[in-house]
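In what follows, a single structure is set out as structure tokens and then discussed.
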Amino acid sequence: MLLLRNAVFLCIAVTFLLSCSDKQDFSQYDDLTITPTLETSIFYIKTQESIINRVTGLSFFSQDFNFDAFEEDLFAERVLEGSITYELENTTSKEIEITIEFLDANGDVLDSEFFRMEAAPTALLTRVVAYGGINKSLDILRNTSQIRLSAVNLGDNTSTSSLPDPAVVLRSSAKFMVRVK
């Protein structure tokens, strides 16, 4: 009796499994779209107020950075949209201006971002710049080969903030959606 009941149960289970399985269709891969979001840091610059006070003239930082990352085929041909986030923090006693310029291979300015920040105490300034779609053109990033960063002290060269470790800090990161397939 037990053997008969086990045999009937096994027949029902096998019938159920066979009747519920479909033939697999792997052609769905052709319709598959893979679009991961890639995120990276671009730059981090920190300048202490003591260094700003030592600089003659008012420009305390100016530098061109070679930046070919956006020109790589993986990015340039497959990027769909994205953004660059800038964070500016000023704990010094100086009002500052920062300009970031995106340059092509000939040194021509493709785009720029301008920041002006009062002396401390101030809140953290955050700006998100979107690219692609109705936002700024992705061609700006595709053609960027250098980034020029310059910072100007609009205050004096003698005052010192009462905050601990007074400095100007600029951070940036990028987040982009890229079509892999």
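For the charge dipole of the stretch 32-178, defined by +1 on Lys and Arg C-beta atoms and -1 on Asp and Glu C-beta atoms about the Cα centroid, which residue among 60, 110, 161 has the Cα displaced farthest towards the positive pole?
161
Kindly write out, for the stretch 153-162 in residue order, the coupling ³J(HN,Hα) from the Karplus curve 6.51 cos²θ - 1.76 cosθ + 1.60 (θ = phi - 60°), rounded to whole Hz, with x marking Gly and Pro.
Result, rounded to whole Hz: 8, 8, x, 9, 10, 10, 5, 9, 5, 7.
Return the FRET efficiency for the residue pair residue 150, residue 35: r is the Cβ-Cβ distance, R0 is 45 Å, and the value is rounded to the nearest 0.05.
With a Förster radius of 45 Å, E is 0.80.
For the stretch 21-173, take the alpha-carbon Rg, divide it by the Kirkwood Rh, and send me Rg/Rh.
Using only Cα positions, Rg/Rh for the stretch 21-173 is 1.15.
For labels at residue 139 and residue 87 in the simple 7 Å Cα→Cβ model, what's the distance in nm?
If labels sit at residue 139 and residue 87, their model points lie 3.4 nm apart.
Would you mind computing, in nm to one decimal, how far apart the modelled labels at residue 54 and residue 126 are, each placed 7 Å from Cα along Cα→Cβ?
3.3 nm
Work through the residues other than residue 158 whose Cβ is under 15 Å from its Cβ and net out their charges, Lys, Arg +1 and Asp, Glu -1.
-1
Once you put a point 7 Å from the Cα of residue 76 and another 7 Å from the Cα of residue 179, both along the Cβ direction, what distance in nm separates them?
For residue 76 paired with residue 179, the spin-label model returns 1.7 nm.
Net charge within 13 Å of residue 119 by Cβ-Cβ distance, Lys/Arg positive one each and Asp/Glu negative one each, not counting residue 119 itself?
Cβ neighbours under 13 Å give a net charge of -4.
For residue 116 and residue 45, compute 0.36 nm times the residue count separating them, minus their Cα-Cα distance, and round to one decimal in nm.
24.0 nm
May I ask you to list the trypsin sites (Lys or Arg not before Pro) in the stretch 42-87 that are in a DSSP loop and have at most 16 other Cβ atoms within 10 Å of their Cβ?
Those that pass, being in a loop and sparsely packed, are 78.
Any read-out appearing in this document is the output of simple, stated calculations on the displayed coordinates, not a laboratory observation. The structure presented is a predicted model; accordingly, all values stated were derived computationally and were not measured. Note that each Cβ is placed from the backbone with ideal geometry, even for glycine, and that neighbours are counted across all protein chains shown.
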